[in-house]
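Trainee: I am attaching a structure below and will ask some questions about it afterwards.
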Amino acid sequence: MRFLNAVLAAAIGIGAATLPDAPQAQAQGYPNQPIKVMVQQGAGGSLDIAMRILAEHLSPILGQQVIVVNQPGAGGLIAARALASAPPDGYTLFMAASSVFVSLPELQANLPFDVNDFVQIGYIGEQPFAMGVASSLPVNSLAELIEYSKKTPEGLNAVAGTLGGLQHMSLEWFRARSKANLTMVHYPTTAAAMGDVMSGRVPVIWDSLSTFGAAVATGQVKVLAVTSPQRLATLPQYPPVSDTLPGFAAQGWLTLIGPKGLPQEIAQKLNTELRTALSNPKLQKRFQDLGTFTRQMTLQELAAFVRNERDQWRPIVQQVRDAKK
C-alpha cells in the first residue's frame, strides 16, 4: 500500500509539474479565433475610424481578424455593459474612450459594473478637441466668439458630443471658465452634427479634430482653437485654447480594455502586439490625419495614467453634475 501511495503521489506530482496553469495555457494558444472589439460610437465617427485603421494593422500581427463592433449610446455605457458580461477569454474587447473612466462613474448612479474591474490592455492615443464655428458666424478668434455669445441674448447653440462624454464635460468646463453664453446640443451621430454646423443651423461645434477635415477644406467651418496644451506640430495654424484661457487643456484618449478576469498573460500579449502596431509609421500618419496621436505605454504605465486622469477630472465632472441639479 505504501508503495502504491508513493507511485500515485509521484504520478500526481509529475502531472502537476508538466501541466501549465490554465491562464498560461490559454495565453499560449491565444488567439485562435477572430477578436471582436467594440467601439462606443456609430460607423463613421472618429472612434470607429480609428479602430478600423488599428484593426487593419493589428490583424496580421495577431494572425486573426480583428472585427469592429459598433455599440453606440449613453456615453459608452452600452458598450461597457456588454464588456462586463463578456467571457474573460480575450475575444471580446472594448476600445474605450476616456469618458468611460472619467465621467461615466460620476454621472451614472448605480452602474451594474465597476469600471475599475476592467482590465487595462493598452493605450492607443489622445484626441485633442477643437472649437469650430460655421463660416457664416462673424467671428475669427476664440476671444471674439466668447464676446459674441455674451452679446447674443439667446446665446449660441453648440454641438457638445455625447451627453456625459469627455467632449461634453470639457465644453462645460470651457463655458464655466469663459462665461460664454452657450447652450449644449447633443447629436446621435457626428455626421448629423457637422451637417447642421456646415449649414449654419447650429453655429458652434466642439469635437475631435478629425471631424473638421472636409468642412474646413470646403470653407464651411472655421477652426478657432484646439484644446491641446500647446500648438500641434501637425496643425500649427490653430492656437490652443490656453492662449485665451491660461491653463486650459482637455484631450480625449483611447484605450483597449478587456473584461474582469482577463488573464494577465493575454493582457500582456495584446499590449505587446498593440505597441508593435502603433509603432508603424504608416499607422501613425493615418492617425495624425484623424487628429489622433499615438503613445505607447506598458500595462503599469497605463494603469497609473488612467488613475491620474480620473483624479484630475473628477472635481470638474462633479462640479458640472452638481450644477445641473
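The values are calculated or read from the model by the stated rules, or taken from the named source; none is laboratory data. Note that this is a predicted model, so its numbers are computed, not measured. Every residue, glycine among them, receives a Cβ derived from its backbone with ideal geometry; neighbour counts consider all protein chains shown.
Trainee: Report the residue count in region 217-237 for those that are buried (at least 16 other Cβ atoms within 10 Å of the Cβ) and outside any loop (DSSP other than H, G, I, E, B).
Mentor: Qualifying residue count, region 217-237: 8.
Trainee: Sticking with this one: Confirm whether Ala303 is under 19 Å from Pro105 (Cα atoms), touching a strand residue (DSSP E or B) at 6+ places or on another chain (Cβ under 9 Å) and surrounded by fewer than 15 Cβ atoms within 10 Å (Cβ to Cβ). Walk me through it before giving the result.
Mentor: Working: under 19 Å from Pro105 (Cα atoms): yes; touching a strand residue (DSSP E or B) at 6+ places or on another chain (Cβ under 9 Å): yes; surrounded by fewer than 15 Cβ atoms within 10 Å (Cβ to Cβ): yes.
Judged against the criteria, Ala303 is a match.
Trainee: For region 214-244, which positions are under 20 Å from the mean Cα position of the chain (by Cα) and β-branched (Val, Ile, Thr)? It would help to see each step written out before you state the result.
Mentor: Looking only at region 214-244, we keep the residues that are under 20 Å from the mean Cα position of the chain (by Cα), and these are 226-229, 232.
Selection gives Val226, Thr227.
Trainee: Continuing with the same structure: Restricted to region 238-249, and to residues that are touching a strand residue (DSSP E or B) at 6+ places or on another chain (Cβ under 9 Å) and not in a helix (DSSP H, G or I), which residue is surrounded by the most Cβ atoms within 10 Å (Cβ to Cβ)?
Mentor: Filtering region 238-249 for residues that are touching a strand residue (DSSP E or B) at 6+ places or on another chain (Cβ under 9 Å) and not in a helix (DSSP H, G or I), the one surrounded by the most Cβ atoms within 10 Å (Cβ to Cβ) comes out as Tyr238.
Trainee: Being out of contact with any Lys or Arg (no Cβ under 6 Å at 6 or more places or on another chain) and either modelled with pLDDT under 95 or assigned by TED's automatic domain parsing to the domain that holds Pro229 (or both) narrows it down to one of Asn116, Asn181, so name that one.
Mentor: Details: Asn181 fails: out of contact with any Lys or Arg (no Cβ under 6 Å at 6 or more places or on another chain).
Only one candidate passes the filter, namely Asn116.
Trainee: Let me ask something else. Is it the case that region 202-213 has a residue that's part of a loop (DSSP other than H, G, I, E, B), more than 20 Å from Lys324 (Cβ to Cβ) and over 18 Å from the mean Cα position of the chain (by Cα)?
Mentor: If we filter region 202-213 for residues that are part of a loop (DSSP other than H, G, I, E, B), which is where we start, we get 202-203.
Okay, now just the ones that are also more than 20 Å from Lys324 (Cβ to Cβ), so 202-203.
Subset that is over 18 Å from the mean Cα position of the chain (by Cα): 202-203.
Yes - at least one qualifying residue is present in region 202-213.
Trainee: Considering only region 255-272, state which residues are buried (at least 17 other Cβ atoms within 10 Å of the Cβ), outside any loop (DSSP other than H, G, I, E, B) and more than 16 Å from the chain's Cα centre (by Cα). I'd like the intermediate steps shown before the answer.
Mentor: The first filter runs over region 255-272 and keeps only residues buried (at least 17 other Cβ atoms within 10 Å of the Cβ), leaving 255-259, 262-263, 265-267, 269-271.
With outside any loop (DSSP other than H, G, I, E, B) added as a condition, the list becomes 255-258, 265-267, 269-271.
Within region 255-272, Glu265, Ile266, Ala267, Lys269, Leu270, Asn271 meet the criteria.
Trainee: Continuing with this model, one more query. Could you list, in sequence order, the residues of region 280-298 that are within 19 Å of the chain's Cα centre (by Cα) and either hydrophobic (A, V, I, L, M, F, W, C) or not in a helix (DSSP H, G or I) (or both)?
Mentor: Selection gives Leu283, Phe287, Leu290, Gly291, Thr292, Phe293, Thr294, Arg295, Gln296, Met297, Thr298.
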